[in-house]
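Participant: Let me begin by handing over the structure; questions about it come next.
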Amino acid sequence: MKRLLITLIVFCFLPFEINAQQQMKIMTYNLLNYPGTDTAVRNPYFRTVVSSANPDILLVCEITSQAAVNSFLANVMNHTSATYSAGTFIDGFDTDNAIFYKTSEFNFISNTPIHTQVRDINEFKVADKFYSDTLRIYEAHLKANSSDSIKRGAEVDSLRKRTNQLPAGTNFIVCGDFNIYNSNEPAYKKLLLDNPGDDGNFNDILNLTGIWNNASYSPYHTQSTRVRSFGNGATGGLDDRFDMILYSNAVKNPGGIKFVPGTYTSYGNDGHHYNDSINKIPNTAVTQTLANALHYASDHLPVFATFEFGNATTLNIKVIPQGLYNISANKLNRKDSVTIFLRNITTPFSKVDSSKGIIDSVNFNVSAIFRAAKTGVYYIEVQHRNSIETWSTQGGFSYYADSIMSYDFTGNISGAYGNNEILSGSKACIYSGDVNQDGIIDLNDLSLADNDSYNFASGNLVTDVNGDYFTDINDISIIDNNAYSVVTKVTP
């Protein structure tokens, strides 16, 4: 785990960055018509491949039935220990797709088939158990043969119809056996096409141009693992880049699940087996045992890449609502929730991201989690249910995506825009008493509190500014003093 300390001095805060992500390996594998008639022979080879690669999620195509899924789970994935679970299987036209995932790391959410003219493309939705980040994984097995490029393009049309409808910023990837021969094929172009009206396109980290069946692209080829025919499957040696993993703009950009550079791997391909079998000695990428397993298990190499989950910024903010602060005890009378916004520093100061959190009663800290905002300079806005809206100091806050940072509103009133805080003892506090949240503490707020006090109101009320669950003279006094001073919000 990387630890990087960044020291910045902007008035009264010291932000720092610590990466706290969880890295997960996602692998796709064409199993070659599993189970076929030779699972007793192939299962040991599959076990060697899977145990060596150790994927956190495995997507497979060319699996034929629920019984096949059960068999692969029991005899390959969990042969040694019950590590994996299988997602819901849907039996579509022709061979199908399936997902296996480490039970300790992911929750399976759904399997939604996308029907095409040939085979289903499946949307497997999962969420990691560490950060609850949701990822949509599309597993595809497009039409084979060089003469079927039009059909492959039509299948991608069906996929893009789905991804184009997803909200901007959605984390998704597509993987599988695409049977695409070059970067000019309609299917490949449609996968990457970045339409201005949607966020449904994919990104290819390799970005290989031209015809892929050539020696210069040999490190990325995935079919075929063998040069001679046995047990069905393609022959001729490694010469096609059919199997791929592509990812969405949200995965490409900071702030969400993201691809880890340098991890994209055509497993077992050392770049020296063009038009040759993967197990021809020597293979400098893997052991000979693994090369043999890759050769005999399937006519495709698996492809994997690592993705980071938990890529969000935690902004630890110290803030004290004036009414809740118990000076003598140096703590809040109770915990309470706030909403934190990040705003652009130029007019109209639009909201970029938001987070809700609970202020700790002892250390005055609220941990705000942001996922949408990119690295930049922003204003921090704090909203509390009966306090004056308060912004961070003039000039903005230097914000770093995918990090842990801090900002302190309590150290000095200069931490607030326009010094718009009040000192209570040694602590700077945001003004309490804006009961109706109109940006000014005045007679309207005082009247609301006075009415509740007259009626002996109690409970979790906005007029209870000191947090003792009663609206009484103590609350009225705080509101009255701030109304007398004509306290208003101060913003750029």
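Participant: What are the residues in segment 172-188 that are open to solvent by 40 Å² or more (accessible area, probe 1.4 Å) and either assigned to a loop (DSSP other than H, G, I, E, B) or without any contact (Cβ under 8 Å) to a residue 12 or more places away in the chain (or both), if any?
Facilitator: Answer for segment 172-188, where residues must be open to solvent by 40 Å² or more (accessible area, probe 1.4 Å) and either assigned to a loop (DSSP other than H, G, I, E, B) or without any contact (Cβ under 8 Å) to a residue 12 or more places away in the chain (or both): Y181, N184.
Participant: For segment 457-473, which positions are at pLDDT 95 or above and exposed (fewer than 15 other Cβ atoms within 10 Å of the Cβ)?
Facilitator: Matches in segment 457-473: I473 only.
To keep it simple, each residue is scored yes or no on (1) touching an Asp or Glu at 6+ places or on another chain (Cβ under 9 Å); (2) at pLDDT below 95; (3) of a type in the set (D, E, K, R).
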| position | (1), (2), (3) |
| --- | --- |
| A82 | no, no, no |
| G92 | yes, yes, no |
| K102 | yes, no, yes |
| F108 | no, no, no |
| N111 | yes, no, no |
| K125 | no, no, yes |
| R136 | yes, no, yes |
| A168 | yes, yes, no |
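Participant: Has segment 368-379 got at least one residue that is open to solvent by less than 40 Å² (accessible area, probe 1.4 Å) and modelled with pLDDT of 95 or more?
Facilitator: Checked against the condition, which is being open to solvent by less than 40 Å² (accessible area, probe 1.4 Å) and modelled with pLDDT of 95 or more, segment 368-379 yields at least one hit.
Participant: When segment 391-424 is examined, which residues are found to be assigned to a helix (DSSP H, G or I) and among the hydroxyl-bearing types (S, T, Y)?
Facilitator: S414, Y417 - these are the residues of segment 391-424 that are assigned to a helix (DSSP H, G or I) and among the hydroxyl-bearing types (S, T, Y).
Participant: Of the numbered conditions (1) of a type in the set (V, I, T); (2) touching an Asp or Glu at 6+ places or on another chain (Cβ under 6 Å); (3) in contact (Cβ under 8 Å) with a residue 60 or more places away in the chain, T393 satisfies every one except a single condition; which is it?
Facilitator: With respect to (1) of a type in the set (V, I, T); (2) touching an Asp or Glu at 6+ places or on another chain (Cβ under 6 Å); (3) in contact (Cβ under 8 Å) with a residue 60 or more places away in the chain, T393 is out only on (2).
Participant: Ok, one more. On the given criteria, is L8 of a type outside the set (S, T, Y), surrounded by fewer than 16 Cβ atoms within 10 Å (Cβ to Cβ), in contact with a Ser or Thr (Cβ under 7 Å, 6 or more places away or on another chain) and at pLDDT below 90?
Facilitator: Yes, satisfied.
Participant: Being touching a helix residue (DSSP H, G or I) at 6+ places or on another chain (Cβ under 9 Å) and either aliphatic (A, V, I, L, M) or on the phi > 0 side of the Ramachandran plot (or both) is the filter here, so list the residues in segment 394-436 that pass it.
Facilitator: Correct list: I413, N419, I422, L423, A428, I430, G433, V435.
Participant: Let me ask something else about it. Counting just the residues of segment 33-56 that are in contact (Cβ under 8 Å) with a residue 40 or more places away in the chain and of a type in the set (S, T, Y), which one comes out surrounded by the fewest Cβ atoms within 10 Å (Cβ to Cβ)?
Facilitator: S52
Participant: Kindly indicate the residue of segment 186-208 that is among the acidic types (D, E) and over 28 Å from L294 (Cα atoms) and also nearest to the chain's Cα centre (by Cα) among those meeting that condition.
Facilitator: D199
Results for (1) within 25 Å of F309 (Cα to Cα); (2) part of a strand (DSSP E or B); (3) open to solvent by less than 10 Å² (accessible area, probe 1.4 Å), shown as yes or no for each residue.
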site: L58; (1), (2), (3): yes, yes, yes
site: A74; (1), (2), (3): no, no, no
site: A82; (1), (2), (3): yes, no, no
site: T112; (1), (2), (3): yes, yes, no
site: N122; (1), (2), (3): yes, yes, yes
site: F130; (1), (2), (3): yes, no, no
site: A144; (1), (2), (3): no, no, no
site: K151; (1), (2), (3): no, no, no
site: A154; (1), (2), (3): no, no, no
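Participant: When you go through (1) closer than 26 Å to Q22 by Cβ; (2) free of Cβ contacts under 8 Å to residues at least 40 places away in the same chain one by one for V260, which number turns out not to apply?
Facilitator: (2)
Participant: Turning to a different aspect of this structure: I'd like the full set of residues that are open to solvent by 10 Å² or more (accessible area, probe 1.4 Å), in contact with a helix residue (DSSP H, G or I) (Cβ under 7 Å, 6 or more places away or on another chain) and part of a loop (DSSP other than H, G, I, E, B), limited to segment 280-323.
Facilitator: I281, N283
Participant: Let me ask another. Quick one: in segment 209-252, which of the residues that are within 31 Å of the chain's Cα centre (by Cα) and surrounded by fewer than 18 Cβ atoms within 10 Å (Cβ to Cβ) is modelled with the lowest pLDDT?
Facilitator: Of everything passing the filter in segment 209-252, K252 is modelled with the lowest pLDDT.
Participant: Right, another one. I need a count of the residues in segment 199-223 that are touching a helix residue (DSSP H, G or I) at 6+ places or on another chain (Cβ under 8 Å) and part of a loop (DSSP other than H, G, I, E, B).
Facilitator: The qualifying residues number 8.
Participant: Taking segment 418-433, which residues are among the acidic types (D, E) and more than 37 Å from the chain's Cα centre (by Cα)?
Facilitator: Once the filter is applied, which keeps residues that are among the acidic types (D, E) and more than 37 Å from the chain's Cα centre (by Cα), segment 418-433 yields nothing.
Participant: Pick from D442, D480, D408: which is under 26 Å from I369 (Cβ atoms) and either surrounded by fewer than 21 Cβ atoms within 10 Å (Cβ to Cβ) or free of Cβ contacts under 8 Å to residues at least 60 places away in the same chain (or both)?
Facilitator: D408
Participant: When both residues are 6+ apart or on different chains and their Cβ atoms are under 6 Å apart, which pairs have a first residue that lies in segment 327-340 and is in a strand (DSSP E or B), and a second that is among the small types (G, A, S) and open to solvent by 20 Å² or more (accessible area, probe 1.4 Å)?
Facilitator: Final answer for the pair search is K331/S361; L332/S361.
The values are calculated or read from the model by the stated rules, or taken from the named source; none is laboratory data. The shown structure was predicted, so the numbers you read here are calculated from the model rather than taken from an experiment. A quick note on method: Cβ atoms are made from the backbone with ideal geometry, for glycine too, and the neighbour counts reach across all protein chains shown. Protein only, heavy atoms only, side chains kept; ligands, DNA and RNA dropped before computing areas. Shrake-Rupley method; radii C 1.70, N 1.55, O 1.52, S 1.80 Å.
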